[in-house]
Amino acid sequence: MSDQTAIRFSGLGKVYKEGLWRGSKPALKDVSFDVMQGQIFGFLGANGAGKTTSIKIALGLQSATKGKVEIFGIDSSDARSRARVGFLPERPYYHLNLNAQEFLNFHRSIRSAHDFGKKLPGNQDLLKLVGIPDVGSRLLRNFSKGMLQRVGLAQALISDPDLVILDEPMSGLDPVGRREVRNLLVDLNRAGKTIFFSSHILSDIESICQRIAFLEKGELKYCGKIDDLLESHSREYEILYREGGKMLRMNVSGKNEAKAAVEKLWSRGAEVESFGPVHHSLEDVLFGEKGAR
Amino acid sequence: MAGVIFAIGLNSWKQMVRDRVFCVVLVAALLMIGFSYLLATLTIVESRKILLDFGFSAVSMASGMAALYIGIVSMAREIEQRTIYSVVTKPISRSAYLLGKFLGSAAVVAAAHLLLALNLAGILWLMGESLPAGFASCLFLMLLETWIILGLAFLCSSFSSSVLAAGITIALFLIGRSNSSLLTIAEKGLTPGTRALARFLYYFTPNLERFNVRDVVAYGRPFPEEMLWTGLAYAAAFVAACLAASCLFLGKRDLP
């Protein structure tokens, strides 16, 4: 494995047994891709596409039926693979009878053997970082969903990890909170951390990720740079023209073909109002056709 | 490793002593033992025996219920509610998690049991009665029994849902409490199948009757001291076996 690889998914497959009589259901089919160190990597897919299953296998919560996941070169079934990892689960599954300070102290103490001698941020610094500085003595059961998400993020950062894995980190947050978390992820990345996060909110991914992997029904459909994906779909040109008193639109694939179409329109006396490439968002590219159906 | 287990145990303790349902169960148990005082004052003869008999039964039942509840909440519900996620995704083994949870839970059960025992002793003192010989030993054997129930609850929780785990644990508890009857059925059962099943249950379920010396103490009969040491060894071996099997099952289990 390259020294620069943070997570490597190799031919990952997972089949869930659905009871004695109903057979089995494949959740992941031969998923392979790498997450390089220092990246903000977005893990995309609709609900049920297999994102959370992949993350669970990467963190040792579930076993793979086929293939494996390595974190910093260590198989994910080995607890040591999680030594440099911070994890925020999809929902705030925490011990709600603890207050925020106790919660963070607990998570600090169970990592103590691995973090011995490491200079780590204090609880108050972490709570301040995630935007809830004054809640240290409050029980988690009295927290709102957004506050739980933030304290969970503080827990994920408690060991100053090299890799932060977040499963739907924006869920439960209001628009301001989402923007704050996005900014925090960018800041963490600037500080040298690798960020791997799953989301089905494409605008969040598009705004901060350098690379993405897109899963559909357990299969990897795309892995690479967002720009490359968008560029590959930007060969389409739109021509708006007026002919016979009506405003009409024509979509042409390829720049040269589009130029030829414009000349043809001119030659038959049509008035070309506008001509240019169609700009696609990530949502258009990944879900556009389905959305249209 | 020891520090991690201690931290998980301490967290388990904090969780449980702040659990509202557990606190309600404990208060109800204290009231139930208090009721034995009323019962004893209503009788003219042998009020001491009635108080001890009812009090011991109340302590045993309440501690057993507490152990069952704590065992299920500490393990099965942690898995179902996924609070286990934030812990086992740290660089620690599931065995360390399970061991820490068990030790924390066992400490809570012991503290609850001690509270109930002190309550019973207080009532005896209120009635001007002295503590019977073997009082502490009887309560210690009861505590060992509750730890076995806790071990069973952990074992069942390691491979099944909370409802199923509670059901199996209660069934094993009831079978364990009538272990000598199983032996009788194994010897004198009507069909070979019944005899085989009884023999299987006799050997693979805990013999909880060996922890019951309530009548001996309540009726002032001589307490067999060797029961204390054999009971301790039996409970330690049984709990260790439960925990080893739990570690095996939990280690292999896909978390939901």
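Of the set (1) within 14 Å of another protein chain (Cβ to nearest Cβ); (2) in a helix (DSSP H, G or I); (3) more than 20 Å from residue B:238 (Cβ to Cβ), all apply to residue B:108 but (3). Any residue in segment B:10-30 that is over 19 Å from the mean Cα position of the chain (by Cα) and small (Gly, Ala, Ser)? No: segment B:10-30 contains no residue that is over 19 Å from the mean Cα position of the chain (by Cα) and small (Gly, Ala, Ser). Restricting the first member to segment A:264-288 and to residues that are closer than 22 Å to residue A:232 by Cα and touching a residue at least 40 places away in the same chain (Cβ under 8 Å), and the second to residues that are among the polar types (S, T, N, Q) and surrounded by 11 or more Cβ atoms within 10 Å (Cβ to Cβ), the beta-carbon pairs closer than 6 Å and six or more apart or on different chains are A:277/A:234. For segment B:182-208, which residues satisfy the criterion of being hydroxyl-bearing (Ser, Thr, Tyr) and touching a Gly at 6+ places or on another chain (Cβ under 6 Å)? Correct list: B:205 only. What helices (runs of 4 or more DSSP H) completely inside segment A:52-158 contain at least 2 residues that are facing chain B (nearest Cβ under 9 Å)? The helices (runs of 4 or more DSSP H) meeting that bar are A:100-109, A:112-115, A:145-156. The lone criterion from (1) free of Cβ contacts under 8 Å to residues at least 60 places away in the same chain; (2) away from every other protein chain (no Cβ under 14 Å) left unmet by residue A:44 is number (1). Selection of segment B:126-140 for residues being on the phi < 0 side of the Ramachandran plot and of a type outside the set (Asp, Glu) yields B:126, B:127, B:130, B:131, B:132, B:133, B:135, B:136, B:137, B:138, B:139, B:140. Return a yes/no flag: does segment B:170-185 have any residue that is touching a residue at least 60 places away in the same chain (Cβ under 8 Å) and either among the polar types (S, T, N, Q) or surrounded by fewer than 21 Cβ atoms within 10 Å (Cβ to Cβ) (or both). Yes: segment B:170-185 contains one or more residues that are touching a residue at least 60 places away in the same chain (Cβ under 8 Å) and either among the polar types (S, T, N, Q) or surrounded by fewer than 21 Cβ atoms within 10 Å (Cβ to Cβ) (or both).
Quick check on my filter: what residues within segment A:186-205 are in a helix (DSSP H, G or I), within 24 Å of residue A:230 (Cβ to Cβ) and at pLDDT below 90? A:202, A:203, A:204, A:205, listed by residue number.
To keep it simple, each residue is scored yes or no on (1) part of a helix (DSSP H, G or I); (2) modelled with pLDDT under 90.
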site	(1), (2)
B:186	yes, yes
B:201	yes, yes
B:227	yes, yes
B:239	yes, no
B:244	yes, no
B:251	yes, no
B:255	no, yes
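Applying the criterion of at least 2 residues that are within 14 Å of another protein chain (Cβ to nearest Cβ) to the helices (runs of 4 or more DSSP H) found wholly in segment B:1-100 leaves B:2-17, B:20-42, B:85-88. Let me spell it out: the conditions are (1) of a type in the set (Asp, Glu); (2) in contact with a Phe, Trp or Tyr (Cβ under 9 Å, 6 or more places away or on another chain); (3) over 19 Å from residue A:199 (Cα atoms), and residue A:134 meets all of them except one. Which number is the exception? Failing condition for residue A:134: (2). Considering segment A:200-218, the residues that are in contact with a Phe, Trp or Tyr (Cβ under 8 Å, 6 or more places away or on another chain), more than 11 Å from residue A:49 (Cα to Cα) and not aliphatic (A, V, I, L, M) include one that is surrounded by the most Cβ atoms within 10 Å (Cβ to Cβ), namely A:209. Would you check if there is a residue in segment B:232-255 being surrounded by 13 or more Cβ atoms within 10 Å (Cβ to Cβ), more than 23 Å from residue B:153 (Cα to Cα), small (Gly, Ala, Ser) and in contact (Cβ under 8 Å) with a residue 24 or more places away in the chain? No: zero hits.
The number of residues in segment A:164-185 that are surrounded by fewer than 14 Cβ atoms within 10 Å (Cβ to Cβ) and in a helix (DSSP H, G or I) comes to 3.
Checking A:73, A:48, A:42, A:23 one by one, the residue that is modelled with pLDDT under 95, of a type outside the set (A, V, I, L, M, F, W, C) and buried (at least 16 other Cβ atoms within 10 Å of the Cβ) is A:42 and no other.
The values are calculated or read from the model by the stated rules, or taken from the named source; none is laboratory data. These figures come from a predicted structure and were not determined experimentally. Reconstructed Cβ throughout: ideal geometry from the backbone, glycine too, with neighbour counts over all protein chains shown.
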